[in-house]
1. Quick one: length gained pulling residue 173 to residue 142 fully straight, 0.36 nm per residue minus the C-alpha distance?
2. For a protection proxy built on the mean count of beta-carbon atoms within 10 angstrom, sort 205-215, 229-239 highest first, please.
3. Using a Förster distance of 41 Å, how high is the FRET efficiency between residue 388 and residue 71, based on the Cβ-Cβ distance and rounded to 0.05?
4. Just for the range 64-385, what percent of DSSP beta bridges are antiparallel, to the closest 5?
5. May I ask you to order 125-132, 251-258 by the average number of other C-beta atoms within 10 Å around their residues, highest value first?
6. Using only the Cα atoms of the range 181-237, build the gyration tensor, take square roots of its eigenvalues as a ≥ b ≥ c, and label the shape rounded, prolate or oblate: rounded if a/c is under 1.5, else prolate if a/b is larger than b/c, else oblate.
7. Checking the a/c ratio against 1.5 first, then a/b against b/c, what shape does the Cα gyration tensor give for the range 104-259?
8. Given q = 0.10, 0.12, 0.16 Å⁻¹, what are the Debye log10 I(q)/I(0) values for the range 175-313, with equal point scatterers placed on the Cα positions and solvent ignored?
Amino acid sequence: MSSPAKKAQSPVPEAKSPTVQSPKGKTKSPTPGPASPTPGPASPTPGPASPVAAHDGAPTDLLSGAHWGELEIPDDGDSTLDSDVESSRASISSSIMEYRTINGRRYHSDSVTDGEYWGPNDEKAMEVMDIVHHAITLIFKDRLYTAPLSKDIKNALDVGTGTGLWAIDFADKFPTCNVVGTDISAIQPSWVPPNLQFDIDDASKTWTYPDNHFDYVHIRWLSGTIKDWTSLYKEAYRCTKPGGWIEHLDCGPHFVCLDGTMPKDSAIAQWGHIWTEVERKTGVILNMLDGYMENGIKEAGFTNVQIEDFLAPTAPWPTDEKQKEIGLFQYIGLTSDIEGFMTYFLGQVMGWTENEMTKYASILRREYKEAKIHANLKWRIVRAQKPVDA
Ligand SMILES: C[S@@+](CC[C@H](N)C(=O)[O-])C[C@H]1O[C@@H](n2cnc3c(N)ncnc32)[C@H](O)[C@@H]1O
């Protein structure tokens, strides 16, 4: 995190915009332009899927964009879930989404990072972050952290804070702690607790924070943002006080199905293969549960490493009421902006056409909505401590 481009501290009731300062030699634009050429000839029959040949190291089960482009878009079907979604969305709007601002669809500025990040930073994307925050809150039963923090911690950092909801809640919970949230996009609200500050900063660069400063470093849902996690954790280690804690919560792209309802060629099952291929092509880590977190944290020098895994339904298919509610909010988070998840990497890196992306997104949305596939998103928490005598 070299030289924060922007610091904003409440209460300044105006919208923020990122400082623009292009890194040298950088040519790519984060704005998804026209889709790249169609990747190879499409199969004439949209019937049973046949995986892309495992040439060039591509995963054997990966279906091509052309496969999805050939398929008919199903209609939206039963609307019972829609009304549930609308009422849930309305209840979020009235509480946690009150500080949203309205802009056109957009991505982060090239001046802030030369790294690649898949997500837009516009209102639609921000809404998804807020919904996911709510879903995570439900999954973790309102716990904002699991590390054994004392009440009088003085400094905490939230890396890649997004819309900052976690940081706001944490700052409220620890009113005597100085909380900093960093991000490459200035999408945080202005009216925040007085002990919270947002820095616009690239977490993959050297951090500007002093050695031994933070009691707690929090990282959540940064899958697809960082290439070298170990370097980032080393910065975290340097900036953490002896005895302080780091906690990283993230998910993997491969959905887990425990009852055999997820066909290999379903759009839901393909999601993991698609992102694995993006990871292979870009070097940006998406398979966060492949050991990157626990291994990188250990390698950085943290000890007392603890790991917990959680499965959370991707739609309201469970019979248990609590799990159903989690499924509903994950469903909203996963389907509200599928194009926002896909457009940059699939269009720019994988060469999918717009038609292919639209059809894949439509089929994926349909599968989530029908909820015949009992898929789960897998979340992992890794928490660890800087040795007291470090
Ligand atoms: C999927 S969102 C998650 C936001 C938040 N951590 C949460 O759990 O709601 C990922 C966030 O990481 C930010 N991001 C991406 N690359 C980054 C980087 N190199 N440094 C800091 N933030 C980054 C994005 O701008 C986005 O706000």
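1. Gain on stretching residue 173 to residue 142: 10.0 nm.
2. Highest-to-lowest ranking by the protection proxy: 229-239, 205-215.
3. About 0.10, to the nearest 0.05.
4. In the range 64-385, DSSP labels about 50 percent of beta bridges as antiparallel.
5. 125-132, 251-258
6. Note, shape of the range 181-237 comes out oblate.
7. rounded
8. -0.42, -0.59, -0.96
Read-outs throughout are calculated quantities, based only on the coordinates presented, and are distinct from any laboratory measurement. None of these values were measured; they are calculated from a predicted model. Ideal geometry is used to build each Cβ from the backbone, glycine not excepted, and the neighbour counts take in all protein chains shown.
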